[in-house]
Amino acid sequence: MGQASLAVRAIPLLNLRAQYQAIREEVMAAMARVVDSQQFILGEEVRELEKEIAAYCGTQYAIGCASGSDALYLALLALGIGQGDEVLTSPFTFFATAGEIARVGAVPVFADIDEHTFNLDTALVAERLASHPKIRAIIPVHLFGACADMDPLCELAAGRGLPVIEDAAQSIGAEYKGRRAGSMGRVGCFSFYPTKNLGACGDGGILTTSDPQLAGRLGALRVHGSTDKYVHQWVGINSRLDALQAAVLRVKLRYLDGWSAGRKRNAECYRGRLAGSSAPVITPVSTAYQTRHVYNQFTIRCPERDGLQAYLKERGIGTEIYYPLPLHLQPCFADLGYRKGDFPVSERMAGECLSLPVQAELAEDDIDYVCGTIQSFYYESSI
């Protein structure tokens, strides 16, 4: 298919307005309910959301907080991770995963990823655990909406007596062998940033656990470590989920499975179109253990990534690079001593990955246009 046959159209990476318009009246009614109540911080809306998220994720408890980043920080804080400890995680993820490790005074230790799933390579995790006796926790990241290989990771952690903190910021509703993200480790951490599959009208986060003592401590740490008014058992932070966000999220949660199904449908459509074309791109592999992928992103791999991204932008197609610089090469972590080449898979993915529009509201002819434009890029590059 040549570019001459494709009429230019505007396809943003994410169209939040389209999602909102379909549920506008429900969202506005929920917000009005909170404004009329004048109960803005924590309260009944947050308690009900916590119950609903716990049930959705298959855990006993959920604890709302101010952001996904704070969820990670609170999890580390509650588990006693601090100065001089090491925490193992992926170098190919959003900065907050390692940033919150550093924020509690601990040191990020990285293991490379599997190029097919973008998640931690369990064989390399075993090697890092053997060589780093100070590791006190493991944070697997369920990247782009798909779970990491949790059984071997949890087995490795159990052998060392280490807690597993699931970074499920991008993966609410994703499943590993039928178990929901956030239910397999000691604690799960989620983000409600507006671009997430379940996004608030602002920032927000939540933690999930089935450990009653840990749940109690997390609930206190988000309010300055207070268990009773003006009585502080621990030094915590101010990280409260506000009621307006909780009310909006409760509306959206009712639609989440439908949106996830739409994302999966669009991802499968991309796979079919790209597999049947001459465009030499690699689409993500769906593994047997990832029994439910929720596609926060649909990410392809191509060596000509930067040229392809520019070509798509010129033709109205929004894309994003997640993530252009692995965490071990971030300037703020220079003192950790990592060098280019230490994690070759993550570095290669940083140079090849490109995320395409995949939101549920995307029309099939939009996907045809995106795939046709990708094919045109390679056609024009070859002549």
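What to note about this one:
- Least to most buried among 370, 109 (fewest other Cβ within 10 Å first): 109, 370
- Taking the C-alpha atoms only, the angle from helix 364-381 to the longest principal axis of the chain is near 60 degrees.
- Only the Cβ atoms of Lys and Arg (+1) and of Asp and Glu (-1) were treated as charged; on that basis the dipole of segment 1-146 about its Cα centre amounts to roughly 240 debye.
- Helices in the chain, meaning DSSP H runs of at least 4 residues, each add -39500 (n - 2.57). Divided by all residues, the mean residue ellipticity at 222 nm is -13000 deg cm²/dmol.
- Amide H contacts of residue 224: 236, 237, 238, 239, each under 5 Å away and 5 or more positions distant or on a separate chain (H built 1.01 Å from N in the peptide plane; Pro and chain starts excluded).
- Karplus-derived 3J(HN,Hα), 6.51/-1.76/1.60, for each residue of segment 312-329, Hz, glycine and proline x: 5, 4, 4, 10, x, 9, x, 9, 8, 9, 10, 9, x, 9, x, 5, 5, 9
- According to the Kirkwood relation over distinct C-alpha pairs, the hydrodynamic radius of segment 69-194 is 14.1 Å.
- Converting the Cα gyration tensor eigenvalues of segment 1-123 into ellipsoid dimensions via √(5λ) gives semi-axes, longest first, of 33, 31, 13 Å.
- Derived from the Cα gyration tensor, the three semi-axes of the equivalent ellipsoid of segment 295-341 are 28, 12, 10 Å, largest first.
- The slack between residue 365 and residue 195, meaning 0.36 nm per residue of separation minus the straight C-alpha distance, is 58.9 nm.
- Listed residues 275, 30, 96, most fluctuating in the chain (Gaussian network, C-alpha, under 10 Å): 275
- Derived scalar couplings between HN and Hα for segment 120-137 equal 3, 7, 5, 5, 6, 4, 4, 5, 5, 4, 5, 9, 10, x, 8, 5, 10, 6 Hz in order, rounded to whole Hz, by the Karplus curve 6.51 cos²θ - 1.76 cosθ + 1.60 (θ = phi - 60°), x for Gly and Pro.
- D_trans [Stokes-Einstein, Kirkwood Rh over alpha-carbon pairs] for the chain, 37 °C, 0.692 mPa s, µm² s⁻¹: 152
- Amide H to amide H distances under 5 Å link residue 136 with 86, 87, 88, where only residues 5 or more positions off or on other chains count and H is placed in the peptide plane.
- Packing, as the average of other Cβ atoms within 10 Å across residues, places the peptides 218-230, 165-177 in the order 165-177, 218-230, highest first.
- Residue order, fewest to most beta carbons within 10 Å, for 376, 277, 191, 346: 277, 376, 346, 191
- For segment 144-199, the equivalent ellipsoid derived from the alpha-carbon gyration tensor has semi-axes of 22, 12, 7 Å in decreasing order.
- As a proxy for reagent exposure, 51, 252 were ordered by neighbouring Cβ count within 10 angstrom, fewest first; the result is 51, 252.
- Cβ-placed point charges (K, R +1; D, E -1), dipole of segment 189-266 about Cα centre in debye, nearest 20: 360
- Average projected area [Cα convex hull, segment 45-104], square nanometres: 4.9
- Its relative contact order, with pairs defined as Cα atoms under 8 Å and 6+ residues apart, puts segment 18-154 at 18 percent.
- Unsatisfied cross-links (Cα-Cα over 27 Å) in the set 177/340; 229/252; 51/196: 177/340; 229/252
- Projected-area mean, segment 254-355, by convex hull of Cα positions, square nanometres: 9.2
- Full-extension gain in nm, residue 275 to residue 26, via 0.36 nm per residue minus C-alpha separation: 85.7 nm
Bear in mind that the values in this text are calculations on the coordinates, not laboratory data. On a predicted model such as this, the values are computed, not experimentally measured, just so you know. Glycine also receives a Cβ, built like all others from the backbone with ideal geometry; neighbour counts cover every protein chain displayed.
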